């Protein structure tokens, strides 16, 4: 009986060894095809993230995107940057900011409004504010800092913003290699994130670091050397600015986050 039992045991071991060998071959093939555990491998990317003193991170990301800093349509290299300080008074401190403000196709409009970036209109208001949104709730008056004083912005009614790209000054669908932005007042390291897309394909979700040091700034930028980014989805905190809604640092239950400067590579035409 012992002899039979030993033979049966050896047979089981042999089957297990063959199964493990075949499983190893299958997994190796999956990895070669760009898959890991059945999920597509993430594209190659360079992530630049910082909080507190974010100036070195901004410098590094600008170097990744390259020079020059473009100010007119027709460029094929370099980068674009957006801050909100040039937004006129009639579009500040209200919900009237146009979703295509930074990609006008009107020949009579100045080049400053032809930067190849538009916001997807999902039916809620977008607001540029010069008073820290204090007219929405007075508790916000000392809540948010502006990196490029003194205007910041937020999407009202929703904490998720989709950004699309166009060839600057045209209606031609575009793409970029990298995109980054400055957040103000990220308290929860899991609340604020950016997802990048090439068409319908997600290129990955990246979290912004929580605030640190004496400032409230956080920066997140991601560069994809071998991909085209056609859309960026920004999740700013886990709450929405509204009367009576307070930030966690002010005794509330929500991490309220607003945004400042955008920085991205020169949009190129989709092909």
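What follows draws every value from the coordinates through simple rules; no lab data is involved. On a predicted model such as this, the values are computed, not experimentally measured, just so you know. Ideal geometry is used to build each Cβ from the backbone, glycine not excepted, and the neighbour counts take in all protein chains shown.
Listed values, structure above:
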| quantity | calculated |
| --- | --- |
| Chain lengthening between residue 45 and residue 60 when straightened (0.36 nm per residue, less Cα-Cα) | 4.0 nm |
| Residues listed by number, the stretch 157-174, amide nitrogen under 17 Å from residue 270 label point at 7 Å toward C-beta | 162-174 |
| Cα-Cα separations in the stretch 56-159 greater than 24 Å, expressed as whole percent | 33 |
| Share, in percent, of DSSP beta bridges within the chain that are antiparallel, nearest 5 | 95 |
| Virtual paramagnetic centre 7 Å along Cα→Cβ of residue 109, amide N under 13 Å, in the stretch 170-198 | 170-172 |
| The chain - Kirkwood radius from inverse mean 1/r over Cα pairs (Å) | 20.6 |
| Residue 172/residue 91 FRET efficiency (R0 35 Å; Cβ-Cβ; nearest 0.05) | 0.90 |
| Cβ-Cβ FRET estimate between residue 99 and residue 189, R0 fixed at 22 Å, reported to 0.05 | 0.15 |
| Distance between the stretch 200-225 and the stretch 121-167 - C-alpha centres, whole angstrom | 18 |
